[in-house]
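See below for the structure under consideration.
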Amino acid sequence: MFFELSLIPFLSIVLLFLIFWIVKEGSRWQKHPQLGVFARFVQTSPGRAFFSFLILTILLVPATLLLLQGVWWDLLATGDAIANTVPVVNTLLLMFLILAGMIPVMMSSFRTWRHAVRAAAEVRVRTTAG
């Protein structure tokens, strides 16, 4: 029961990240009936996109540890002893696999945000100097 309850935040974070990643590019998503809200939120500014991806990436780690805790609580609730490290290894492998997909998306949105800030600073320098 605890494992199933701990799946809710884990899957919510992964699903929200996937939705933001899908709608990050392209204005056609803004008119989508269900995904339009997510598209308008993440496409507002490059900074908002980066910080959304950063927060979701950071939140994945405690959600994964909560998943592992749910496995342990289920074992303890049934009276079984934790006999081996298979749940720990499987949970960490799952986390690393998902993070391997999340980190490049987050870093690309960081680069986009960094270039936007740099371009805005360059425009400010040109207008104040000229």
Review point. Which pairs do you get when a residue that is touching a residue at least 24 places away in the same chain (Cβ under 8 Å) and within 21 Å of Ser12 (Cβ to Cβ), found in region 25-53, comes within reach of a residue that is assigned to a loop (DSSP other than H, G, I, E, B) and open to solvent by less than 50 Å² (accessible area, probe 1.4 Å), reach meaning Cβ atoms under 7 angstrom, with the pair 6+ apart or on two chains?
Key: Ala49/Lys24
Practice item. State yes or no: is Trp113 open to solvent by 70 Å² or more (accessible area, probe 1.4 Å), out of contact with any strand residue (DSSP E or B) (no Cβ under 9 Å at 6 or more places or on another chain), among the aromatic types (Phe, Trp, Tyr) and at pLDDT 90 or above? Key: yes
Check your understanding: What pairs come up if the first residue lies in region 1-12 and is over 15 Å from Met102 (Cβ atoms) and of a type outside the set (Gly, Ala, Ser), the second is open to solvent by 100 Å² or more (accessible area, probe 1.4 Å) and assigned to a helix (DSSP H, G or I), and their beta carbons are under 8 Å apart, counting only those six or more places apart or on different chains?
Key -> Phe2/Trp73; Phe3/Trp73
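Which residues, taken from region 39-60, are over 12 Å from Met106 (Cα atoms) and open to solvent by 60 Å² or more (accessible area, probe 1.4 Å)? Before the answer, list the steps.
Just the residues of region 39-60 that are over 12 Å from Met106 (Cα atoms), to begin with: 39-45, 59-60.
Of everything in region 39-60, those that are over 12 Å from Met106 (Cα atoms) and open to solvent by 60 Å² or more (accessible area, probe 1.4 Å) turn out to be Arg40, Phe41, Thr44, Leu59.
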Exercise for review: Identify, from the list Phe41, Phe51, Phe20, Phe2, the residue that is out of contact with any Pro (no Cβ under 6 Å at 6 or more places or on another chain), more than 25 Å from Ala120 (Cα to Cα) and of a type in the set (Phe, Trp, Tyr).
Suggested key: Phe2
Check your understanding: Does Leu75 count as surrounded by 14 or more Cβ atoms within 10 Å (Cβ to Cβ), in a helix (DSSP H, G or I) and over 20 Å from the mean Cα position of the chain (by Cα)?
Key -> yes
Practice item. Could you tell me which numbered condition Gln34 fails, if it satisfies all but one of (1) of a type in the set (S, T, N, Q); (2) part of a helix (DSSP H, G or I); (3) open to solvent by 70 Å² or more (accessible area, probe 1.4 Å)? Key: (2)
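In region 5-17, is there at least one residue being within 16 Å of Met106 (Cβ to Cβ) and not β-branched (Val, Ile, Thr)?
Keep residues of region 5-17 that are within 16 Å of Met106 (Cβ to Cβ), which gives 13-14, 16-17.
Narrowing the set further to residues that are not β-branched (Val, Ile, Thr) leaves 16-17.
Looking for residues that are within 16 Å of Met106 (Cβ to Cβ) and not β-branched (Val, Ile, Thr), one finds at least one in region 5-17, hence yes.
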Review point. Given the conditions (1) modelled with pLDDT under 85; (2) open to solvent by 80 Å² or more (accessible area, probe 1.4 Å), which single one is not true for Asn90?
Key: (1)
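The values are calculated or read from the model by the stated rules, or taken from the named source; none is laboratory data. Keep in mind that this is a model prediction, so the values were computed, not measured. Virtual Cβ from ideal backbone geometry, glycine too; neighbours counted across all protein chains shown. The accessibility values were calculated without ligands, DNA or RNA, using every heavy atom of the protein model including side chains. Shrake-Rupley method; radii C 1.70, N 1.55, O 1.52, S 1.80 Å.
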